[in-house]
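In what follows, a single structure is set out as C-alpha cells and then discussed.
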Amino acid sequence: MKKAVFLDRDGTIIRDVIYLNDPTKIEIYPESYEALKLLNDHGFLIVLATNQSGVAKGIVDEKNVILINQMIMDTYREQGIEIHDAYYCPHPVDGGCECRKPNAGMLKRGAEKFGIDLKQSWMVGDRMSDVEAGIRAGSQSILLQNDETPPIDPQYSPPKTICRDVLEAAKFIVEQSSKGSHAT
C-alpha cells in the first residue's frame, strides 16, 4: 500500500483569501513547491482535501472550486510536482456530511481510490478540523500555525506536531518516515 500526505488547500499551500471564487486570486505559497517536491521525492502521494462551505452559502461557484483545484494541480505539475487528486466538501458547516473536515470522508475516499495506507499517511492543515480529520482517518496530523491561522481549538485531538509552514511540515514528515515512526 502507498503512503500519502493529505493537504488542506487554503492557508496551507495557498493564501487563504476567504471564499476564494476567482481563479486569478490564487496565491501559492512559494515554500510549498519545495515542500511538495520533497514529499514526492520521498514516495508520498499528495492529495488535497478542502472544505468549501462557500458553495453551500452561494458565495463560491462550484465550477470555480473545480477550476481552482485543477489550476493549482497544473501549476505544480509544470514544476515537476504531482498532486494526485483534489477533493472538496461543498456542504454547509452544519450539514452533517461525512466529507466535511473534521470528518475523514475525503481522506478515506483518497485512500480507497489510490490504495493508501492511512496509518503510514499524514494530514497537514492550518485548522484543528484538519488535524482531527487526519486522526479520525487513522493518520498522523500536523497543524500549521502562524500569524494568519486561527487559535488552537481544544475540542479536537492534538496534532503530532505544530509547524510554521508546509515546508517545515514536509521536512518533519520525511524525517519521521526515515525513522519509521508513523504509528501512534
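FYI, it's all coordinate maths here, none of it is from the lab. Predicted model only: the values in this text are computed from it and were never measured. Methodologically, a virtual Cβ is constructed for each residue, glycine included, from the backbone with ideal geometry; neighbour enumeration extends over all protein chains shown.
Quick rundown of the values:
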read-out: Any hit, region 73-94, residues being in contact with a Lys or Arg (Cβ under 9 Å, 6 or more places away or on another chain), surrounded by 16 or more Cβ atoms within 10 Å (Cβ to Cβ), part of a helix (DSSP H, G or I) and among the small types (Gly, Ala, Ser); value: no
read-out: Flag for Leu20 being surrounded by fewer than 24 Cβ atoms within 10 Å (Cβ to Cβ) and part of a strand (DSSP E or B); value: no
read-out: Selected residue (only one of Arg127, Arg136 is over 16 Å from Ile46 (Cα atoms), of a type in the set (Lys, Arg) and within 14 Å of the chain's Cα centre (by Cα)); value: Arg127
read-out: Sole residue being out of contact with any strand residue (DSSP E or B) (no Cβ under 6 Å at 6 or more places or on another chain), part of a helix (DSSP H, G or I) and not aliphatic (A, V, I, L, M), chosen from Ser177, Ser157; value: Ser177
read-out: First in region 104-122 and within 15 Å of Leu7 (Cα to Cα), second anywhere and of a type in the set (A, V, I, L, M, F, W, C) and loosely packed, with under 14 Cβ neighbours inside 10 Å, Cβ under 6 Å, 6 or more apart; value: none
read-out: Tally of residues being touching a strand residue (DSSP E or B) at 6+ places or on another chain (Cβ under 7 Å) and β-branched (Val, Ile, Thr) across region 17-72; value: 7
